[in-house]
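A short worksheet on the structure shown next.
The values are calculated or read from the model by the stated rules, or taken from the named source; none is laboratory data. This one's a predicted model, so the numbers in the text were calculated from it and none came from an experiment. For neighbour counting, all protein chains shown are included, and Cβ atoms are generated from backbone atoms with ideal geometry for every residue, glycine included. Quick note on the areas: whole protein, heavy atoms, side chains included, nothing else; ligands and nucleic acids left out. Shrake-Rupley method; radii C 1.70, N 1.55, O 1.52, S 1.80 Å.
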Amino acid sequence: MSTTNWGDTREVTAPADFHVHLRDGALSRLVTPHVHKGGFYLAYVMPNLVPPITTTRMAMEYQKKLRENSGSTKVEFLMTLYLSDDLYPSDVKNWKAAGIIGVKSYPRGVTTNSDQGIESYDKYDELFKEMEAHSIVLNLHGEIPSDHSKNTCVLNAEERFLPVLADLAEKYPKLRIVLEHATTEAAVKAVMACGDNVACTITAHHLTLTVDDWAGQSFHFCKPVAKFPSDRLALQEAIKSGNKKFFLGSDSAPHPSLSKSTATPTSGCAAGVYTSPILLPLVAHLLDSFGAIDRLADFTSNFGRAFYQIPLASHAPKVVVQKVQGVTVQAEYSSEEKAVVPFWASRSIDWQIVNVEE
Ligand code: NCD
Ligand code: ZN
(Lines give C-alpha, C1' and ligand atoms only; values in the text may rest on other atoms or scores of the structure.)
(Ligands and ions follow the chains in the order given, each with its own letter.)
Protein backbone atom coordinates (compact mmCIF):
# COMPACT_ATOMS: atom_id res chain seq x y z
CA MET A 1 0.00 0.00 0.00
CA SER A 2 3.05 2.26 0.46
CA THR A 3 3.33 4.97 -2.16
CA THR A 4 6.98 5.85 -1.58
CA ASN A 5 10.50 4.64 -2.25
CA TRP A 6 13.57 4.54 -0.01
CA GLY A 7 15.08 8.01 0.13
CA ASP A 8 11.79 9.83 -0.47
CA THR A 9 11.31 12.90 1.70
CA ARG A 10 8.40 14.96 3.00
CA GLU A 11 8.48 18.36 4.67
CA VAL A 12 6.26 19.63 7.47
CA THR A 13 6.32 23.21 8.71
CA ALA A 14 6.26 23.43 12.52
CA PRO A 15 4.56 20.12 13.35
CA ALA A 16 1.82 20.55 15.95
CA ASP A 17 0.56 17.95 18.44
CA PHE A 18 -2.93 18.99 19.53
CA HIS A 19 -3.24 16.65 22.54
CA VAL A 20 -0.34 15.66 24.76
CA HIS A 21 0.22 14.79 28.43
CA LEU A 22 3.42 16.28 29.82
CA ARG A 23 2.91 15.42 33.52
CA ASP A 24 4.76 17.13 36.37
CA GLY A 25 7.83 16.59 38.56
CA ALA A 26 10.51 14.11 37.52
CA LEU A 27 8.35 12.48 34.85
CA SER A 28 7.77 15.88 33.22
CA ARG A 29 11.50 16.57 33.21
CA LEU A 30 12.05 13.28 31.39
CA VAL A 31 9.24 13.54 28.83
CA THR A 32 8.89 17.25 27.98
CA PRO A 33 12.08 17.38 25.83
CA HIS A 34 10.66 14.49 23.81
CA VAL A 35 8.12 16.80 22.13
CA HIS A 36 10.97 18.42 20.21
CA LYS A 37 12.83 15.12 19.83
CA GLY A 38 9.74 13.72 18.10
CA GLY A 39 9.82 16.61 15.62
CA PHE A 40 7.17 18.87 17.14
CA TYR A 41 7.07 22.61 17.76
CA LEU A 42 3.64 22.97 19.30
CA ALA A 43 2.19 21.01 22.23
CA TYR A 44 -1.44 21.40 23.24
CA VAL A 45 -1.08 20.43 26.88
CA MET A 46 -3.64 18.41 28.85
CA PRO A 47 -4.59 19.61 32.35
CA ASN A 48 -5.15 16.27 34.15
CA LEU A 49 -2.45 16.65 36.77
CA VAL A 50 -3.05 15.94 40.46
CA PRO A 51 -4.59 18.32 41.41
CA PRO A 52 -5.97 19.28 37.98
CA ILE A 53 -5.13 22.64 36.36
CA THR A 54 -8.21 24.77 37.03
CA THR A 55 -6.91 28.34 37.27
CA THR A 56 -5.02 30.65 34.92
CA ARG A 57 -2.33 30.98 37.55
CA MET A 58 -1.81 27.20 37.73
CA ALA A 59 -1.72 27.03 33.94
CA MET A 60 0.84 29.82 33.69
CA GLU A 61 3.07 28.25 36.34
CA TYR A 62 2.79 24.91 34.58
CA GLN A 63 3.64 26.50 31.21
CA LYS A 64 6.72 28.13 32.75
CA LYS A 65 7.93 24.76 34.07
CA LEU A 66 7.34 23.10 30.72
CA ARG A 67 9.40 25.79 28.99
CA GLU A 68 12.20 25.20 31.50
CA ASN A 69 11.99 21.44 31.03
CA SER A 70 11.74 21.57 27.26
CA GLY A 71 15.37 21.98 26.32
CA SER A 72 14.22 24.00 23.29
CA THR A 73 13.05 27.57 23.23
CA LYS A 74 11.23 26.83 19.98
CA VAL A 75 8.40 24.68 21.34
CA GLU A 76 5.13 26.48 21.96
CA PHE A 77 3.06 25.13 24.88
CA LEU A 78 -0.65 25.88 24.59
CA MET A 79 -2.51 25.54 27.86
CA THR A 80 -5.91 24.12 28.83
CA LEU A 81 -8.04 24.09 31.96
CA TYR A 82 -9.84 21.07 33.45
CA LEU A 83 -13.62 21.39 33.24
CA SER A 84 -15.00 21.43 36.77
CA ASP A 85 -17.00 23.55 39.19
CA ASP A 86 -13.80 25.49 39.87
CA LEU A 87 -14.15 27.29 36.52
CA TYR A 88 -16.21 30.50 36.67
CA PRO A 89 -18.06 31.99 33.67
CA SER A 90 -17.10 35.51 34.80
CA ASP A 91 -13.39 34.61 34.43
CA VAL A 92 -13.57 33.38 30.84
CA LYS A 93 -13.03 36.83 29.34
CA ASN A 94 -9.59 36.93 31.00
CA TRP A 95 -8.44 33.51 29.81
CA LYS A 96 -7.22 34.43 26.32
CA ALA A 97 -4.93 37.12 27.69
CA ALA A 98 -3.49 34.56 30.11
CA GLY A 99 -2.81 32.18 27.21
CA ILE A 100 -5.59 29.66 27.85
CA ILE A 101 -6.76 28.13 24.57
CA GLY A 102 -9.21 25.46 25.67
CA VAL A 103 -11.08 23.58 28.37
CA LYS A 104 -10.84 19.80 28.58
CA SER A 105 -13.74 17.74 29.81
CA TYR A 106 -13.27 14.30 31.31
CA PRO A 107 -16.36 12.29 32.15
CA ARG A 108 -15.96 11.11 35.73
CA GLY A 109 -13.91 7.97 36.22
CA VAL A 110 -13.29 7.03 32.58
CA THR A 111 -9.52 7.53 32.45
CA THR A 112 -6.31 8.59 34.22
CA ASN A 113 -6.93 11.34 36.81
CA SER A 114 -10.61 11.79 36.01
CA ASP A 115 -11.94 11.39 39.56
CA GLN A 116 -12.93 15.04 39.47
CA GLY A 117 -14.45 14.76 36.01
CA ILE A 118 -17.94 15.82 35.16
CA GLU A 119 -21.27 14.04 35.41
CA SER A 120 -23.53 16.43 33.48
CA TYR A 121 -22.87 19.13 30.89
CA ASP A 122 -26.08 21.03 31.59
CA LYS A 123 -24.69 22.86 34.57
CA TYR A 124 -21.93 24.34 32.42
CA ASP A 125 -24.36 26.15 30.11
CA GLU A 126 -23.26 29.60 31.23
CA LEU A 127 -19.60 28.66 31.03
CA PHE A 128 -19.96 27.26 27.50
CA LYS A 129 -21.78 30.42 26.38
CA GLU A 130 -18.90 32.54 27.67
CA MET A 131 -16.39 30.22 25.99
CA GLU A 132 -18.36 30.57 22.78
CA ALA A 133 -18.29 34.36 23.09
CA HIS A 134 -14.56 34.49 23.85
CA SER A 135 -13.43 31.86 21.37
CA ILE A 136 -12.21 29.26 23.89
CA VAL A 137 -12.19 25.69 22.55
CA LEU A 138 -14.01 22.81 24.28
CA ASN A 139 -12.03 19.54 24.20
CA LEU A 140 -14.08 16.43 24.84
CA HIS A 141 -12.89 13.09 26.12
CA GLY A 142 -15.72 11.30 24.34
CA GLU A 143 -16.64 8.32 26.48
CA ILE A 144 -19.44 7.68 28.90
CA PRO A 145 -18.63 5.79 32.09
CA SER A 146 -19.18 2.01 32.03
CA ASP A 147 -22.59 1.00 33.36
CA HIS A 148 -23.24 -2.70 33.13
CA SER A 149 -26.95 -2.28 33.83
CA LYS A 150 -27.07 -0.49 30.46
CA ASN A 151 -24.59 -2.82 28.77
CA THR A 152 -22.04 0.02 28.53
CA CYS A 153 -18.35 -0.92 28.62
CA VAL A 154 -15.09 0.25 27.04
CA LEU A 155 -16.06 -1.13 23.65
CA ASN A 156 -19.19 1.03 23.20
CA ALA A 157 -18.38 3.91 25.60
CA GLU A 158 -17.34 6.22 22.75
CA GLU A 159 -20.22 5.43 20.43
CA ARG A 160 -22.70 6.07 23.24
CA PHE A 161 -21.11 9.46 23.92
CA LEU A 162 -21.73 10.71 20.37
CA PRO A 163 -25.28 12.01 20.99
CA VAL A 164 -23.74 14.29 23.64
CA LEU A 165 -21.34 15.65 21.01
CA ALA A 166 -24.19 16.28 18.57
CA ASP A 167 -26.26 18.03 21.27
CA LEU A 168 -23.40 20.30 22.34
CA ALA A 169 -22.54 21.18 18.74
CA GLU A 170 -26.13 22.11 18.02
CA LYS A 171 -26.72 24.00 21.25
CA TYR A 172 -23.52 26.07 20.93
CA PRO A 173 -23.04 26.50 17.18
CA LYS A 174 -20.17 28.95 17.52
CA LEU A 175 -18.34 27.04 20.24
CA ARG A 176 -15.37 25.25 18.69
CA ILE A 177 -15.46 21.66 19.91
CA VAL A 178 -12.85 18.92 19.45
CA LEU A 179 -13.77 15.28 19.90
CA GLU A 180 -10.46 13.97 21.20
CA HIS A 181 -8.75 10.73 20.16
CA ALA A 182 -11.58 9.25 18.10
CA THR A 183 -11.43 5.46 17.82
CA THR A 184 -14.57 4.46 15.95
CA GLU A 185 -16.18 4.66 12.54
CA ALA A 186 -19.26 5.98 14.35
CA ALA A 187 -17.23 8.89 15.74
CA VAL A 188 -15.79 9.74 12.33
CA LYS A 189 -19.31 9.84 10.89
CA ALA A 190 -20.64 11.88 13.81
CA VAL A 191 -17.88 14.48 13.43
CA MET A 192 -18.51 14.72 9.69
CA ALA A 193 -22.22 15.22 10.35
CA CYS A 194 -21.57 18.21 12.64
CA GLY A 195 -20.94 21.74 11.40
CA ASP A 196 -17.55 23.40 10.96
CA ASN A 197 -17.42 24.17 14.68
CA VAL A 198 -16.58 20.50 15.36
CA ALA A 199 -13.22 18.85 14.67
CA CYS A 200 -11.55 15.66 15.81
CA THR A 201 -8.10 14.52 16.85
CA ILE A 202 -6.71 11.13 15.89
CA THR A 203 -3.72 9.54 17.62
CA ALA A 204 -0.88 7.70 15.92
CA HIS A 205 -1.45 4.49 17.86
CA HIS A 206 -5.14 4.23 16.95
CA LEU A 207 -4.07 4.13 13.30
CA THR A 208 -2.50 0.76 13.89
CA LEU A 209 -3.93 -0.92 17.03
CA THR A 210 -7.13 -2.94 17.39
CA VAL A 211 -8.66 -4.81 20.33
CA ASP A 212 -6.36 -7.75 19.57
CA ASP A 213 -3.31 -5.61 20.34
CA TRP A 214 -4.24 -4.42 23.81
CA ALA A 215 -6.05 -7.50 25.14
CA GLY A 216 -3.17 -8.99 27.12
CA GLN A 217 -0.64 -6.29 26.13
CA SER A 218 -0.67 -3.60 28.79
CA PHE A 219 1.65 -1.17 26.97
CA HIS A 220 -1.04 -0.85 24.28
CA PHE A 221 -3.79 -0.15 26.78
CA CYS A 222 -5.14 3.39 26.66
CA LYS A 223 -8.47 5.16 26.88
CA PRO A 224 -10.39 5.12 24.71
CA VAL A 225 -9.29 1.58 23.83
CA ALA A 226 -8.54 0.71 20.22
CA LYS A 227 -11.57 -0.91 18.60
CA PHE A 228 -12.29 -3.05 15.51
CA PRO A 229 -10.33 -3.29 12.25
CA SER A 230 -13.22 -1.51 10.51
CA ASP A 231 -12.90 1.37 12.98
CA ARG A 232 -9.18 1.63 12.38
CA LEU A 233 -9.87 1.72 8.65
CA ALA A 234 -12.37 4.57 9.12
CA LEU A 235 -9.72 6.62 10.97
CA GLN A 236 -7.22 5.96 8.19
CA GLU A 237 -9.75 6.87 5.51
CA ALA A 238 -10.66 10.12 7.29
CA ILE A 239 -7.02 11.20 7.05
CA LYS A 240 -6.57 9.90 3.53
CA SER A 241 -9.63 11.83 2.32
CA GLY A 242 -8.00 15.11 3.37
CA ASN A 243 -10.98 16.23 5.44
CA LYS A 244 -9.74 19.24 7.42
CA LYS A 245 -11.76 18.29 10.51
CA PHE A 246 -9.30 15.47 11.29
CA PHE A 247 -5.84 16.23 12.63
CA LEU A 248 -3.18 14.82 14.94
CA GLY A 249 -3.50 14.85 18.70
CA SER A 250 -1.11 12.14 19.83
CA ASP A 251 -2.62 11.64 23.30
CA SER A 252 0.93 10.66 24.18
CA ALA A 253 0.40 9.66 27.80
CA PRO A 254 3.53 8.46 29.60
CA HIS A 255 3.34 6.35 32.72
CA PRO A 256 6.31 4.91 34.63
CA SER A 257 7.14 1.48 33.18
CA LEU A 258 6.12 -0.23 36.43
CA SER A 259 2.62 1.31 36.45
CA LYS A 260 2.12 -0.06 32.94
CA SER A 261 3.54 -3.51 33.47
CA THR A 262 2.20 -4.49 36.86
CA ALA A 263 -1.40 -5.30 37.61
CA THR A 264 -2.67 -6.76 40.88
CA PRO A 265 -5.89 -8.64 41.61
CA THR A 266 -7.39 -5.34 42.79
CA SER A 267 -5.91 -2.80 40.37
CA GLY A 268 -5.22 -2.82 36.66
CA CYS A 269 -2.42 -1.13 34.77
CA ALA A 270 -2.33 2.59 33.96
CA ALA A 271 -4.05 3.70 30.74
CA GLY A 272 -1.89 5.54 28.23
CA VAL A 273 0.40 4.98 25.23
CA TYR A 274 3.62 6.96 24.94
CA THR A 275 4.48 8.23 21.45
CA SER A 276 6.11 11.68 21.87
CA PRO A 277 9.78 10.81 21.22
CA ILE A 278 9.07 9.04 17.90
CA LEU A 279 5.95 10.91 16.87
CA LEU A 280 6.67 12.45 13.46
CA PRO A 281 8.59 9.45 12.06
CA LEU A 282 5.88 7.11 13.43
CA VAL A 283 3.05 9.12 11.87
CA ALA A 284 4.94 9.23 8.54
CA HIS A 285 5.50 5.46 8.72
CA LEU A 286 1.83 4.76 9.43
CA LEU A 287 0.45 7.21 6.85
CA ASP A 288 2.80 5.69 4.28
CA SER A 289 1.58 2.19 5.18
CA PHE A 290 -1.96 3.04 4.12
CA GLY A 291 -1.19 5.32 1.19
CA ALA A 292 -1.68 8.68 2.91
CA ILE A 293 1.87 10.02 3.15
CA ASP A 294 0.93 13.03 1.03
CA ARG A 295 -1.39 14.12 3.86
CA LEU A 296 1.48 14.29 6.37
CA ALA A 297 1.77 18.10 6.54
CA ASP A 298 -2.00 18.64 6.61
CA PHE A 299 -2.52 16.04 9.35
CA THR A 300 0.43 17.03 11.54
CA SER A 301 0.30 20.81 11.18
CA ASN A 302 -1.96 22.61 8.72
CA PHE A 303 -5.43 21.34 9.63
CA GLY A 304 -5.00 21.59 13.41
CA ARG A 305 -3.53 25.07 13.14
CA ALA A 306 -6.39 26.18 10.90
CA PHE A 307 -9.04 24.93 13.33
CA TYR A 308 -7.30 26.46 16.36
CA GLN A 309 -6.57 29.65 14.41
CA ILE A 310 -2.86 29.44 15.16
CA PRO A 311 -1.19 30.50 11.93
CA LEU A 312 2.38 29.63 11.09
CA ALA A 313 4.91 32.35 11.82
CA SER A 314 6.72 33.55 8.70
CA HIS A 315 10.02 32.10 9.99
CA ALA A 316 8.44 28.83 11.20
CA PRO A 317 10.87 25.88 11.19
CA LYS A 318 10.57 23.17 8.57
CA VAL A 319 11.12 19.52 9.46
CA VAL A 320 12.09 17.01 6.78
CA VAL A 321 11.48 13.29 7.18
CA GLN A 322 12.98 10.67 4.90
CA LYS A 323 12.12 7.08 4.12
CA VAL A 324 14.96 4.84 5.28
CA GLN A 325 15.43 1.13 5.78
CA GLY A 326 14.35 0.66 9.37
CA VAL A 327 15.34 2.60 12.51
CA THR A 328 14.85 0.66 15.72
CA VAL A 329 12.86 2.42 18.46
CA GLN A 330 14.57 2.59 21.82
CA ALA A 331 13.31 0.02 24.37
CA GLU A 332 13.01 2.59 27.14
CA TYR A 333 13.73 6.23 27.96
CA SER A 334 14.97 6.90 31.46
CA SER A 335 16.38 9.45 33.86
CA GLU A 336 17.81 8.77 37.32
CA GLU A 337 14.29 8.93 38.72
CA LYS A 338 11.91 7.61 36.05
CA ALA A 339 11.68 5.18 33.14
CA VAL A 340 9.08 5.06 30.37
CA VAL A 341 8.59 2.57 27.57
CA PRO A 342 7.66 4.15 24.23
CA PHE A 343 5.12 2.77 21.80
CA TRP A 344 6.72 0.60 19.09
CA ALA A 345 9.64 -0.17 21.47
CA SER A 346 12.33 -2.31 19.83
CA ARG A 347 10.40 -2.30 16.55
CA SER A 348 11.47 -0.63 13.37
CA ILE A 349 10.21 2.61 11.76
CA ASP A 350 10.86 3.33 8.09
CA TRP A 351 10.94 7.11 8.36
CA GLN A 352 13.32 9.37 10.22
CA ILE A 353 13.86 13.07 10.76
CA VAL A 354 16.80 14.10 8.58
CA ASN A 355 16.75 17.84 8.63
CA VAL A 356 15.37 20.54 10.85
CA GLU A 357 15.53 24.12 9.68
CA GLU A 358 15.56 26.03 12.99
C1 NCD B 1 -4.46 9.65 29.59
C2 NCD B 1 -3.47 9.87 30.74
O3 NCD B 1 -2.75 8.92 31.06
O4 NCD B 1 -3.41 10.98 31.26
N5 NCD B 1 -4.62 8.25 29.38
C6 NCD B 1 -5.04 7.64 28.26
O7 NCD B 1 -5.21 6.42 28.27
N8 NCD B 1 -5.26 8.30 27.16
C9 NCD B 1 -5.75 10.33 29.89
C10 NCD B 1 -6.64 10.48 28.70
O11 NCD B 1 -6.38 11.24 27.78
O12 NCD B 1 -7.67 9.80 28.68
ZN1 ZN C 1 -5.31 12.38 26.68
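Restricting the first member to the stretch 118-146 and to residues that are acidic (D, E), and the second to residues that are part of a helix (DSSP H, G or I) and open to solvent by 60 Å² or more (accessible area, probe 1.4 Å), the beta-carbon pairs closer than 9 Å and six or more apart or on different chains are D125/K171; E130/S90; E130/D91; E130/K93; E143/R160. None of L81, L49 is touching a Lys or Arg at 6+ places or on another chain (Cβ under 8 Å), farther than 30 Å from N355 by Cβ, free of Cβ contacts under 8 Å to residues at least 40 places away in the same chain and not in a helix (DSSP H, G or I) except L81. Answer with yes or no whether A284 is of a type in the set (A, V, I, L, M), closer than 24 Å to L235 by Cα and surrounded by 23 or more Cβ atoms within 10 Å (Cβ to Cβ). It is true that A284 is of a type in the set (A, V, I, L, M), closer than 24 Å to L235 by Cα and surrounded by 23 or more Cβ atoms within 10 Å (Cβ to Cβ). Within the stretch 146-165, the set of residues being open to solvent by 10 Å² or more (accessible area, probe 1.4 Å) and either of a type in the set (V, I, T) or assigned to a helix (DSSP H, G or I) (or both) comprises H148, S149, K150, V154, E159, R160, L162, P163, V164.
Out of V103, V75, V110, V92, I need the residue that is at pLDDT 95 or above and within 16 Å of ligand 2 (Cβ to nearest atom). Which one?
Working: V75 fails: within 16 Å of ligand 2 (Cβ to nearest atom); V110 fails: at pLDDT 95 or above; V92 fails: within 16 Å of ligand 2 (Cβ to nearest atom).
Selected residue: V103, the only one of V103, V75, V110, V92 that is at pLDDT 95 or above and within 16 Å of ligand 2 (Cβ to nearest atom).
The residues of the stretch 115-146 include none that are closer than 13 Å to T54 by Cα, within 11 Å of ligand 1 (Cβ to nearest atom) and among the polar types (S, T, N, Q). Looking at the structure I just gave you, is V103 crowded, with 19+ Cβ neighbours inside 10 Å and either of a type in the set (S, T, Y) or assigned to a strand (DSSP E or B) (or both)? Yes; evaluated as a whole, the condition is true for this residue. Take the conditions (1) within 14 Å of ligand 2 (Cβ to nearest atom); (2) under 25 Å from P15 (Cα atoms); (3) of a type outside the set (S, T, Y); (4) open to solvent by less than 20 Å² (accessible area, probe 1.4 Å); L209 misses just one of them, which is (1).
Restricting attention to the stretch 120-134, does a residue exist that is part of a strand (DSSP E or B), of a type outside the set (S, T, Y) and open to solvent by less than 10 Å² (accessible area, probe 1.4 Å)? Write out each step before concluding.
As a first pass, look at the stretch 120-134 and keep what is part of a strand (DSSP E or B): none.
Among the residues of the stretch 120-134, not one is part of a strand (DSSP E or B), of a type outside the set (S, T, Y) and open to solvent by less than 10 Å² (accessible area, probe 1.4 Å), which makes the answer no.
Quick check on my filter: what residues within the stretch 166-208 are part of a loop (DSSP other than H, G, I, E, B) and either within 16 Å of ligand 1 (Cβ to nearest atom) or among the polar types (S, T, N, Q) (or both)?
Going through the stretch 166-208, the residues part of a loop (DSSP other than H, G, I, E, B) turn out to be 172-176, 180-184, 194-197, 203-204, 208.
Correct list: E180, H181, A182, T183, T184, N197, T203, A204, T208.
Find the residue count for the stretch 238-283, including only residues that are away from ligand 1 (no atom under 12 Å from the Cβ) and among the aromatic types (F, W, Y). So that I can check it myself, show each step before the final result.
Going through the stretch 238-283, the residues away from ligand 1 (no atom under 12 Å from the Cβ) turn out to be 238-248, 257-258, 261-267, 276-283.
From what's left, among the aromatic types (F, W, Y): 246-247.
Residues in the stretch 238-283 being away from ligand 1 (no atom under 12 Å from the Cβ) and among the aromatic types (F, W, Y): 2 in total.
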